[in-house]
Amino acid sequence: MAQPARPAAAYRSQNGAGQQPYSNGPVQNQMMHSSDAQGYSPSVPGPYSHQTPSKVPPHPSSGQYNYSGSQNVSQFNSYQGPGQTLNRPPAAPLSGSPVQQTGPVPQVLPPALQNSAAVSSAGGFPPGASPPMLPNWQYSQAPVSHPAAAQPSHSTPVAGTGPAQPPPLLSGNTNPPGSYQYAASPGGPSLQNSYMKPGSVPPPVTQPLTPLHPPSRPPLGPPPTGGPPLIRPSTVTAGAPNTQSLLHSATNQEGDATSAAGDGSVVQNSYDAIEGGGLVATPHPSAPANLKVNRNVGYSYPALPPGYQNTSPPGAPGMQATALQYPDGSKHFHQPPLGANHLHASMGSLSLQQEGLRPVNLLQERNILPTTLLQAPVPNLHEDIQKLNCNPELFRCTLTNIPQTQALLNKAKLPLGLLLHPFKDLSQLPVVTSSTIVRCRSCRTYINPFVSFLDQRRWKCNLCYRVNDVPEEFMYNPVTRVYGEPHKRPEVQNATIEFMAPSEYMLRPPQPPVYLFVFDVSHNAIETGYLNTVCKTLLDNLDLLPGNTRTKIGFITFDSTIHFYSLQEGLSQPQMLIVSDIEDVFIPMPENLLVNLNENKELIQDLLKSLPQMFTKSLETQSALGPALQAAFKLMSPTGGRISVFQTQLPSVGMGALKSREEPNQRATAKDIHLTPSTDFYKKLALDCSGQQVAVDLFLLSGQYSDLASLGCISRYSAGSVYYYQSYHHKHNPVQVEKLQKELKRYLTRKIGFEAVMRIRCTKGLSIHTFHGNFFVRSTDLLSLPNVNPDAGYAVQMSVEESLTDMQVVSFQSALLYTSSKGERRIRVHTMCLPVVTTLSDVYLGADVQAITGLLANMAVDRSVSATLSDARDALVNAVIDSLSAYRSSVLSIQQPGLMAPTSLRLFPLYVLALLKQKAFQTGTNARLDERIFSMCQVKNQPLVYLMLMTHPSLYRVDNLTDEGALNINDRTIPQPPILQLSVEKLSREGAYLMDAGSVMFLWIGKSCGQSFISQVLGVPNYGSIPQNMTHLPELETAESIRTTAFISWLREQRPFFPILYIIKDDSPLKSSFLQNMIEDRTESALSYYEFLLHIQQQVNK
């Protein structure tokens, strides 16, 4: 089996962006879902015992992997996609009220678990402490015994049945007071007794995290005695929910089920309890107890000022809360009022921006496109509240005025949903290290700027309205060093914040960063020359891979057989091991295939240098991708991590082999194109990967059809990303080489989060039912993200389950729990507050047209897959017709001729027309099937800002750039030319125009373009001398050249992918691609903007 040793080469990676994780929001109304109801329990590596009992449905049948059929409806409002759809009841009312429960209800913990010592936490080390060095990644395998009463049940949960269970026994504040750190996030200035406010920065500037802890620290003290105060269980009645909706939900759980461990036993997973607070995890034997921490780390502060260290918590025996003495000035509690009465008064005093409601006749006002990039609308909140709100780049809602009832939402005919970019690179991010993370004891919401303090000792949750006690430690503000001002702490002053999570937020010790690269080395792959580029880029960035001293790396190559590379210490060169039995893949020498990057760097570099030459004479044309992925999964299962797979053709042998389904002559028909997977092999494997905390990123470099609809499932359901380089060839298509290089560098070096879960919570009365993105819905509303990256976006659809009467505002909160590449467990929380309105005109006034377009695009992808492409196109058009009809009939007081739209929706028809012409949804013979599928992948996984650019490109005239209105960034002057409408009538033969379509740019040079631009920017004597395949601007020392290159570079820097620049003339073969993006003009298969408006008007006036 072992062949003569062959030299090895190594991969490198940076902190940059690359792949896109797939996530969808954190839990919504947690009161209903604080238990592990319907929990997905993937198998977990043997060494990690899982601590939390959960209800586990049986292993899914293969039928569960199929896309569910969609309802035959042409509007999106009632559509629930094939994606991951959940119908949940609204959050429970406050304790005492009856609650409808779906799924099993929590049980009261046995007395043994009601002691804080007994339930101290699973896995990990004290908050802020460095993880122990575990080079061999081996942990004690002592079983964790569950108390008898908490044994997991393996029967399928039945809706509405099961013992009643109280809210979580322990809130987030079960830890003793500890020290706080306010740590600068990477890239920010150093902090001196301060914390940093969030801000944004261009993605590429991600720097490695600075360790928050010095190497040594004082010894830790003993754990505290006594448990937290118990909560009385509220009475829970098991109602009979709508069984049909639950069934619909169950079939869309994407096959959530238990996974069997290697020995056949069922292993439990309890991330649901960890983030959401069901039954509390018991400690992992190798994890230190959550000890009282009093140490000097980073910027730390004493737990309490000396005079307050012995105060009992309010309500403690022998002391009344009123007896506490506060320092002078703190006795009278003043919080900026955030209550409903104040909001009502303050909102009443604001003049509504009626401009947003001004009717616009779209058939008459042709120049409606703003000349600058469209900004998100500002919610109509009091300025004191709005200044605390979340940055819309991270979290935005399709409606910034939330309708009070579902009936009002239905009447508006607009979709309600959220778009998130939760792990976006931020230049400044407040990071809090504390042994107490303050959360609502009912719904588990993290304390945030929109809670209200009733007095110094009590705060009311802004999602479920429960009144909670303020923990003693939270009374002291380490920033101002004042006691008695909990409302001024950073957690209550920042809508985006990151917590260093204590050990109860871990199921196991944080995993090391593990990177496995899987290369196609068939004859076809070697021909493309991709291996040279990838190995060289990896070599260059090996030291920049995010990680620490525990980082591991490994390599697999495959054609019709699978090749492993032993990188054992002591070998003079890497050793290749070939496994030819692809029907029953096994791992030879598993201990030497994933090795420590720092300890084996020379061998890794040898392998990376020699890999491209190893297979140059190979004549093997077959591709065993499926077996290679199975091998990679087996290798990665014990730890979790990231698999990066490079594929150049249709897999042809072994499990997962595929056959071509593309018929070029039928590309034009919207009916019979194959958008669904041809096999569930890749989806099932992805779900197995997700259960073991493994994500798979797919790089497809192919000139022929490769069935991305099937292959893409491996990334979609494991929270990976898909990259597609059409017709990649190092000689015939050299621009793709630079694109791969740049994007791979970002991918390798960007920040990464491991073993992550995300929840979205919202105010009682609102409910989340469908998620969009790359992830797996593990239990009702917990998104499993084995990897999370800063370039991934997510979307969710919502409904108003209960009338929001008496509420002036509602809030939304996303919580992302992840392990950093440095081995720290962290929680990133974003909170957004929006007003509630009662009139239809106010709903339209607050419409965010870009967010609406982004959510509709996600829904249209689902409709294309579950029904047909033409159904999806019809539904997009109907969304415009329905909303403008509703506006005309219910809001406009005077009926006017023409097509009337509120100012807030004036761009809606244009953006929907742009979607219809986008590769994902267009008809016509232009789009190859894999291109169309890749475009759909991007819709589901791109943050909104990039999705809008790919849908509706920006057009600028660049032959007359000036410094007027320019930006000054790092001593560079960046011109800001106005954005033009996407129509040929805006082009002049005397000009040069740059079209920025997100992933590609076109610089069109008019026939009569000025001589100075041609010579001083393009560096050629005249128009005729411009080369046919020019893709780079020369760097010339002329003012015109400096301005133009600065502008193009600035546009490129703002995104995590690399757009190729094509310089085109009238006779260029790429001119058709340029004109295809002229959204407002007619094409062979699509209407012009004016014709589209006439069609909409005709339908609205019916």
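The values are calculated or read from the model by the stated rules, or taken from the named source; none is laboratory data. From a predicted model like this one, the values you see are computed outputs, not experimental measurements. Counting neighbours? That spans all protein chains shown, and the Cβs are built from the backbone with ideal geometry, glycine included. SASA here: full protein model, heavy atoms, side chains in, ligands and nucleic acids out. Shrake-Rupley method; radii C 1.70, N 1.55, O 1.52, S 1.80 Å.
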| said: So if I restrict to the alpha-carbon atoms in the range 495-545, what is the Rg, and what is Dmax, the biggest pairwise distance, in Å? | reply: 18.8, 53
| remark: Checked against a 24 Å limit on the C-alpha separation, the offending pairs among 424/684; 609/742; 424/1071 are 424/684; 424/1071
| query | How would you classify the range 778-931 from its alpha-carbon gyration tensor, with a ≥ b ≥ c the square roots of the eigenvalues: rounded for a/c under 1.5, else prolate if a/b is greater than b/c, otherwise oblate? | reply | oblate
| Around residue 649, with a cut-off of 15 angstrom between Cβ atoms, what is the net charge of the other residues, counting Lys and Arg +1 and Asp and Glu -1? | -4
| note | Contour minus Cα-Cα span, residue 375 to residue 1037, at 0.36 nm per residue, comes to 234.8 nm
| task | For the range 488-574, restrict the atom set to alpha-carbon positions and state the Rg and Dmax in Å. | result | 20.2, 64
| query | Put +1 on the Cβ of each Lys and Arg and -1 on the Cβ of each Asp and Glu in the range 880-1038; which of 936, 976, 960 then has its Cα farthest toward the positive end of the dipole? | reply | 936
| Where a ≥ b ≥ c are the square roots of the eigenvalues of the C-alpha gyration tensor, would you call the range 391-517 rounded, which needs a/c under 1.5, or, failing that, prolate if a/b is larger than b/c, or oblate? | oblate
| task | Working with all protein chains in place, sort 563, 382 by solvent-accessible area computed with a 1.4 Å probe, largest first. | result | 382, 563
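Using the beta-carbon distance between residue 1084 and residue 578 and R0 = 56 Å, what value does 1/(1 + (r/R0)^6) give for FRET efficiency, to the nearest 0.05?
0.60
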| query | Nearest 0.05, what FRET efficiency do residue 589 and residue 365 give at R0 = 51 Å with Cβ-Cβ as r? | reply | 0.10
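Across every pair of different alpha-carbon atoms, what Kirkwood hydrodynamic radius in Å does the range 1012-1080 reach? It would help to have the intermediate numbers written out before the result.
Working: mean 1/r = 0.0743 Å⁻¹.
Evaluated on the range 1012-1080, it is 13.5 Å.
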| field | Environment charge of residue 789, counting only residues whose C-beta is closer than 11 Å and scoring Lys/Arg +1, Asp/Glu -1 | value | +2
| field | Computed magnitude of the charge dipole of the range 950-1102 (debye, nearest 20; Cβ of K, R +1, Cβ of D, E -1) | value | 320 debye
| task | Report the dimensions of the range 637-783 along its three principal axes from the alpha-carbon atoms, largest first, rounded to Å. | result | 55, 40, 32
| said: Using only the Cα atoms of the range 574-616, what semi-axes does the equivalent ellipsoid have when each is the square root of 5 times a gyration tensor eigenvalue? Give whole Å, largest first. | reply: 22, 17, 6
| message | Over the Cα atoms, compute the radius of gyration (one decimal) and Dmax (the largest Cα-Cα distance, rounded to a whole number) for the range 943-1037, in Å. | response | 14.3, 42
| said: For Cα pairs less than 8 Å apart in space and 6+ apart in sequence, what is the mean separation divided by the residue count of the range 851-913, i.e. the relative contact order in percent? | reply: 33 percent
| note | Under the rule rounded for a/c under 1.5, else prolate if a/b exceeds b/c, else oblate, using alpha carbon gyration tensor axes a ≥ b ≥ c, the range 399-462 is classed as oblate
| task | Heavy atoms only, probe 1.4 angstrom, no DNA, RNA or ligands counted: give me 1004, 1050 ranked by accessible area, highest first. | result | 1050, 1004
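When only the heavy atoms of the protein chains count and the probe is 1.4 Å, how do 1037, 602 rank by accessible area, highest first?
1037, 602
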| message | Check which residues have an amide H placed less than 5 Å from residue 778's amide H, if you skip close sequence neighbours. | response | 783, 784
| query | Across all directions of projection, what mean area in square nanometres is found for the Cα convex hull of the range 682-726? | reply | 2.7 nm²
| In nm, what is the difference between 0.36 nm times the number of residues separating residue 386 and residue 960 and their Cα-Cα distance? | 202.7 nm
| Per the Cauchy relation, a quarter of the hull surface: what is the mean projected area of the convex hull of the alpha carbons in the range 502-648, in nm²? | 9.4 nm²
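Fully extended, how many nm does the chain gain between residue 741 and residue 727 (0.36 nm per residue separation, minus their Cα-Cα distance)? Don't skip to the answer; put the middle values down first.
Values: separation 14, 0.36 × 14 = 5.04 nm, distance 1.55 nm.
Contour length minus the Cα-Cα distance gives 3.5 nm.
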| request: Please give the per residue accessible area of the range 918-1016, computed with a probe of 1.4 Å over protein heavy atoms only, in Å². | output: 36 Å²
| task | Place +1 on the Cβ of every Lys and Arg and -1 on the Cβ of every Asp and Glu in the range 360-467, take the dipole about the Cα centre, and give the residue among 373, 465, 421 whose Cα lies farthest towards its positive end. | result | 465
| Going from the alpha-carbon gyration tensor of the range 585-643, what semi-axes, largest first and in whole Å, does one get by taking the root of 5 times each eigenvalue? | 22, 20, 9
| field | Under the Debye formula (equal points on every Cα, no solvent term), log10 I(q)/I(0) of the range 697-813 at q = 0.12, 0.23 Å⁻¹ | value | -0.60, -1.28
| remark: Carbon/sulfur accessible area of the range 563-653, % of total, 1.4 Å probe, equals 48 percent
